[in-house]
Amino acid sequence: MARRPLIPILMAFLAGIITGELGFSHPSFLTLPLLMAVTTALFFCLFVSSRRRIISFTVLFFFVGLLLELCRYHPSELLPLARDRAAVTVVGTVVEPSAVNRDPSRIVVRADEVIFEGGRMETRERVAVTIYGHTGPFSPGDKIFFQTRLRAFKNFNNPGRYDYERAMRLRGLSCAASVSDGRRIVPMGRGSLGFPMGFVESLRKPIRLFFNENLSAQDAALLKALVLGERQDIGRTLREPFQVAGVAHVLAVSGLHIGLVAWISFALFKGILSLSYRLTLCTDVRKVAALLTCFPVAAYTCLAGFQVSSQRAMMMALAFLFSIVWGREKEVWSTLALAALAILAVDPHAAFSISFQLSFIAVVGILWLAPGFHRMLAAALPLRPRGLVYRFHLYGMGLVAVTLSAMVFLLPITVFYFHRLSLVALPANLTVVPILGFWVLPLGLLSTVMLPFSSTVAHVCLEASAWGMNRIVGIIQFWSGLQWADLWVVTPNGLEIGLFYAVLGSLFFLKRWMWAKGCLIVLLFLTGLDVSYWIYKNQFNEELKITYLDVGQGNAAVVQFPGREKMIIDGGGFSRGDFDVGKSVVAPFLFRSKIRRIDYVVLSHPQTGGERDSQGLPQKLERGKGYLRSENQPAPSAVGR
C-alpha cells in the first residue's frame with residue numbers, strides 16, 4: 001500500500017461517506033467537531049514522519065468523507081407537503097424530455113414556484129410528474145403550470161425490497177406528482193434551464209428532432225439512448241430482449257460508450273500526429289494525443305446530457321488520459337483510485353448508486369482477472385505473431401478476456417440487484433459490442449457533427465448507423481429468443497457475496513501463496529454449510545409460516561407449508577400504470593428467501609389487475625399447480641389457520 005497510497009486513502013474516504021450516510025440523520029451539530037478533527041489530522045500529515053504520514057492521510061480522508069456527506073444533507077422543502085398529500089399549484093420548468101406516444105408519460109419538472117393553501121414558496125427542487133392521457137410533447141426548457149397533489153416516494157416494506165426512496169434521492173428528485181389529464185397542463189412559453197444545461201439543451205434539441213423526423217420510432221429511441229443518453233422512449237417490450245441477452249448496459253451512456261469514444265479518438269489523433277516526422281522527433285505523440293482526446297470525451301459527455309453515469313465515465317476516462325500525459329499509465333490501480341476520489345468528492349452519494357458500484361467493480365474485475373484470462377486463451381489458441389489475422393486474433397482474445405472478467409467479477413452484484421443471470425451474455429456481448437463500437441456509435445456521432453454543415457451527409461450517416469442498429473437488434477433478438485437464454489436466480493446475502501469474492505481470491509492466489517489452499521477448503525466448507533441451511537429451511541421445514549407482503553393496494557401473502565410446498569395468495573397491483581407488482585415486489589422477496597418454486601397461486605378477487613400482477617411473476621416461479629380460488633369460495637385466510 002505504500003507504493004499506492006491512493007488506495008487506502010480511497011478506502012478511508014469511502015468509509016467516511018458510508019458512516020455519514022448510515023449513522024447520522026441530523027448532522028448539523030457534528031459540523032464543528034468534524035472540522036476540528038480534519039484540522040488535527042491535517043496537522044499530523046504536515047509534521048509527522050514520512051512513515052506515519054500515510055496513516056495520517058488515511059485518517060484525514062475518513063473525516064473529510066464524513067464531513068462532505070453530512071454537509072450535503074439538505075432537507076427538502078417540498079417533502080412535508082408531499083407527506084401530507086397537499087394540493088398545490090406548480091409553476092416549473094421541464095428538465096427532461098417526455099416520452100413519445102406513451103401513456104402514462106413521465107417528465108421531470110424543476111418546481112420554480114409552489115402555491116399551496118396558506119402560502120407559497122420559491123424552490124429549485126425537482127419533481128417526478130406522471131401524466132395520464134393527452135400527453136403533449138414537452139421539451140427541456142418548457143415552462144408549464146399545473147395543479148396536482150404532491151406525494152412522497154415510498155418503499156415497499158418487505159425484506160429484500162428495492163430502495164426506491166434512495167434511488168429517487170440519488171437522481172435529485174424530492175417527491176412525485178401526477179396529472180390525470182395532460183390537457184390540464186398550461187404551457188407558459190420558454191423557461192430557463194440555467195448554465196450549463198441551457199447550453200447543452202441548445203445542442204441536443206436539433207439532434208433530437210433530426211432523429212425523430214428521419215427514423216422509425218424504434219430506431220429513434222435506440223439511437224437517442226446511445227448518442228443523447230435519453231431512454232424515455234425505450235419501453236419494457238424493447239428493453240426486455242437487451243436484459244435477457246445481458247447487454248442492457250449498451251442502452252445507457254456510460255463507461256462503454258465513453259471508453260469507445262476515447263479509444264477511437266486517441267487512435268485517430270495518434271495516427272494523424274504520427275504522419276509528421278518532425279513532430280514525432282520533438283515530442284511524445286502519445287501524450288499529445290491523450291491530451292487532445294480529452295476534448296471529444298468532454299464534448300460527448302455534454303452531448304449525452306451531462307448525466308450522472310456519463311459524468312463518472314468521463315472522469316474515469318480523463319484520469320486515465322492524464323496518467324498517460326504524466327507518464328504513469330502503468331499505475332492503473334492508482335489511476336482508478338484517483339478517478340473514484342474525484343467522483344466521490346463531487347458527489348459523495350454516488351457511492352450508493354447501482355451504476356457507480358457496477359462500473360467500478362467491473363473495472364476492478366477487468367484489471368485483476370483479464371490478464372490471467374488472456375494468458376489462458378493465448379495458451380489454448382496459439383497463433384503466429386504476424387499478419388492481419390493475428391491482429392484480429394489478439395483483438396478477439398482481448399474482448400473475450402475483458403467481457404469474461406467483468407461478467408465473473410460482477411456476478412454476485414448483478415444477481416443481488418437484478419435477480420437474473422444471462423446465460424448468453426458472453427456471446428451476445430462479443431457479437432454486439434464490435435458492431436456498436438466500430439459502426440453504430442461512430443456513424444451516429446458523425447451524423448450529429450455533420451448536421452450543422454450538411455444535412456444530406458448527416459442523413460446518410462444516420463441511415464447507415466440505423467442499419468447497423470437494426471443488425472444489433474436482430475442479433476439480440478436471436479440470443480434472447482433462446483429458451484435457455486436467461487435464468488432467474490435467488491438473491492445472495494452479504495455473507496454469500498463475501499464468500500464468493502473470498503473463494504475467487506483464494507483461487508487467484510492458489511499458486512502464489514501456500515495458505516491459499518487451506519483458506520479455499522475452509523471457504524468451500526462454509527459455502528456448503530450455507531447451501532445446506534437454505535435447502536433444509538425451504539425443503540424440510542417443520543413449521544407453517546405465513547408472510548404478509550406490502551404490495552401497495554390490496555394484500556398479498558406467502559404461505560410456506562410444512563415440507564416444501566409454497567403458496568401465494570393474491571399479488572396486489574395498481575389499476576393504473578404499468579408497474580408490475582409481481583415481478584418488482586413479490587418476486588424479490590421470494591428470491592431473497594431462496595424460493596424458486598411456487599406450487600399454488602390463489603386469487604381471492606380475480607380481477608384484471610390481480611391476474612396481471614400474478615402473471616408478472618418470473619416464469620421460473622410459475623411451474624407449480626396453478627391453483628385458483630374464486631371469490632365465492634372460503635376466504636384464503638382460512639388456509640393459514
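The values are calculated or read from the model by the stated rules, or taken from the named source; none is laboratory data. In this text the structure is predicted, and so the values were computed from the model without any measurement. For neighbour counting, all protein chains shown are included, and Cβ atoms are generated from backbone atoms with ideal geometry for every residue, glycine included. With ligands, DNA and RNA removed, areas are computed over all heavy atoms of the protein, side chains included. Shrake-Rupley method; radii C 1.70, N 1.55, O 1.52, S 1.80 Å.
Things worth noting here:
- Total formal charge among the other residues, if their Cβ is under 9 angstrom from that of Thr135, Lys/Arg +1 and Asp/Glu -1: 0
- Surrounding net charge for Val261, when Lys and Arg each add one and Asp and Glu each subtract one, Cβ distance under 15 Å: +2
- Contour minus Cα-Cα distance for Leu367 and Leu426 (0.36 nm per residue): 19.4 nm
- Of the peptides 545-552, 143-150, 515-522, the order by per-residue mean of other Cβ atoms within 10 Å, starting with the highest, comes out as 143-150, 545-552, 515-522.
- Between Arg102 and Ile535, the simple label model (points 7 Å from Cα in the Cβ direction) yields a spacing of 4.4 nm.
- Rg [Å, one decimal], Dmax [Å, integer] - the range 77-171, C-alpha atoms: 14.1, 41
- Over the range 257-337, relative contact order from alpha-carbon pairs under 8 Å, at least 6 apart, %: 33 percent
- Bins of 20 Å from zero: percent of alpha-carbon pairs in the chain: 15, 47, 34, 4, 0
- In the context of the full set of protein chains, the chain has a per residue accessible area of 53 Å² (1.4 Å probe).
- Cross-link partners for Lys566 among the aspartates and glutamates, with Cα-Cα distance under 16 Å and sequence neighbours closer than 8 places in the same chain left out: Glu542, Glu543, Asp599, Glu622.
- Oblate is the label for the range 326-464, because a/c, from the alpha-carbon gyration tensor with a ≥ b ≥ c as root eigenvalues, is 1.5 or above and a/b does not exceed b/c.
- Shape call, the range 215-259: gyration tensor on alpha carbons, a/c limit 1.5: oblate
- Modelled label positions at Ala502 and Met514, each set 7 Å beyond Cα in the direction of Cβ, lie 2.2 nm from each other.
- Over 26 Å apart at the Cα level, from the set Lys545/Lys594; Lys287/Lys511; Lys154/Lys583; Lys143/Lys205, are Lys287/Lys511.
- Accessible area per residue was computed with a 1.4 Å probe on protein heavy atoms; His349 scores about 40 Å².
- Based on Cα contacts under 8 Å between residues 6+ apart, the chain shows a relative contact order of 9 percent.
- The overall shape of the range 415-564, judged from the alpha-carbon gyration tensor, is oblate: a/c is not under 1.5, and a/b is no greater than b/c.
- Between Ile115 and Leu279, the FRET efficiency estimated from the beta carbon spacing at R0 = 56 angstrom works out to 0.35.
- Percent accessible area from carbon and sulfur atoms, the chain, protein chains only, probe 1.4 Å: 64 percent
- Those residues of the range 487-503 whose amide nitrogen sits under 18 Å from the label point placed on Tyr164, 7 Å along Cα→Cβ: none
- A full extension of the chain between Ile55 and Ser216 corresponds to an added length of 52.1 nm, given 0.36 nm per residue minus the alpha carbon distance.
- Largest-first principal axis extents, alpha carbons of the range 112-223, Å: 45, 40, 32
- Once the Cα-Cα distance is subtracted from the 0.36 nm per residue extended length, the Leu291 to Leu22 segment shows a gain of 92.9 nm.
- Pair Met11, Glu543: separation of 7 Å Cα→Cβ label points (nm): 3.9 nm
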